[in-house]
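The values are calculated or read from the model by the stated rules, or taken from the named source; none is laboratory data. These figures come from a predicted structure and were not determined experimentally. Ideal geometry is used to build each Cβ from the backbone, glycine not excepted, and the neighbour counts take in all protein chains shown.
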Amino acid sequence: MKTSRADRGRRSEPGHIVDDETLHLIDLALAEDRGAGDWTSRWTVPARTQVRARIVAKTEGIIAGVSPAAAVFLRLDPRVEYETHIGDGGAVHPGDVVCQIEGPGRAVLTGERVALNFLQRLSGIATQTRRFVDEVAGTGARILDTRKTTPAWRTLEKAAVRAGGGENHRSGLYDAILIKDNHLAIAGSVREAVARVRDQNNRGLPIIVEVHDTDELDEAIAARVDRILLDNMTVDAMKEAVQRTRRRREAPTLEASGNMTLERVRSVAETGVDFISVGALTHSAPALDLSLKITRD
């Protein structure tokens, strides 16, 4: 598939174009790393040298971030060819080849660290997400991310959560109403906060309310909100909340949140909540160990 001049450096593989937001991040990352020039590669690698390289997994995990990783090399030199062996959402084991790269040696070496940073970070999020998803399998609960993302990386990190089998919460402050404790402290009550939102919600945004006890729960149910977020509740308190909510006709969905760990998430899922939001998917995911190696074959 041919690409136009406007698409040079955006193409990750035939048929896949990275968006402007990702391209801007790539440019910032390359500028940060390259600075005035990659003198090591320029002074050790002759200009016309062509190389073949592989990105290889060094541990088990789930891959995410293939497109931005590929676009890094293409941004440096559109003659680079990038072939994916394991795409987003695919599982890897030590020694598995994630992709193969061929092209000008200087571009491959200059882009190595930035491409790996994208791929390792996003694959780490996908891997962390899959662990949580597997832990609640069979309960009916669905794993959600949060807004606890790396500044300016949210779109990429939320895509990585999807690659790991999780689902996305709201994208930002603009696409859902989430009334939290600080909003309630100002409004004075769940009832008043929801009333204020309903009076002005000409966008038809879904209304989610964070509650901390039975009184707030009952207020949120009576206000007929779309979802109730059970924040930092004990497992027993969540069980009671599920029972109280399910008695109502047209009951809102329930989401559990707060200090969610792999050790705890199964017991939370078994309370009967619909969703479990996990900040650790993005704010604490360790990078997946990957490496790029020049090959001679």
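Structural remarks
- Subset of the stretch 182-194 [surrounded by fewer than 16 Cβ atoms within 10 Å (Cβ to Cβ) and either over 19 Å from Arg227 (Cα atoms) or touching a strand residue (DSSP E or B) at 6+ places or on another chain (Cβ under 6 Å) (or both)]: Ala185, Ile186, Gly188
- In the stretch 261-272, the residues that are closer than 12 Å to Gly138 by Cα and assigned by TED's automatic domain parsing to the domain that holds Asp145 reach residues that are among the hydroxyl-bearing types (Ser, Thr, Tyr) and at pLDDT 95 or above with C-beta atoms within less than 9 angstrom, at least six apart or across chains, in these pairs: Arg266/Thr139; Ala269/Thr139; Glu270/Thr139; Gly272/Thr139.
- Single match in Val197, Val209, Val161 (criterion: under 27 Å from Ala57 (Cβ atoms), surrounded by 14 or more Cβ atoms within 10 Å (Cβ to Cβ) and among the hydrophobic types (A, V, I, L, M, F, W, C)): Val161
- Of the criteria (1) within 23 Å of Arg296 (Cβ to Cβ); (2) surrounded by fewer than 19 Cβ atoms within 10 Å (Cβ to Cβ), which one Asp38 fails: (2)
- Residues satisfying the stated conditions in the stretch 61-94, i.e. without any contact (Cβ under 8 Å) to a residue 60 or more places away in the chain and assigned to a loop (DSSP other than H, G, I, E, B): Asp77, Arg79, Val80, His85, Ile86, Gly87, Gly90, His93, Pro94
- Scanning the stretch 218-225 turns up one or more residues that are among the aliphatic types (A, V, I, L, M), assigned to a loop (DSSP other than H, G, I, E, B) and buried (at least 17 other Cβ atoms within 10 Å of the Cβ).
- Residue within the stretch 280-290 that is β-branched (Val, Ile, Thr), in contact with a helix residue (DSSP H, G or I) (Cβ under 7 Å, 6 or more places away or on another chain) and at pLDDT 95 or above present: yes
- Of all residues in the stretch 46-60 being assigned to a loop (DSSP other than H, G, I, E, B) and polar (S, T, N, Q), the one that is farthest from Arg154 (Cα to Cα): Thr49
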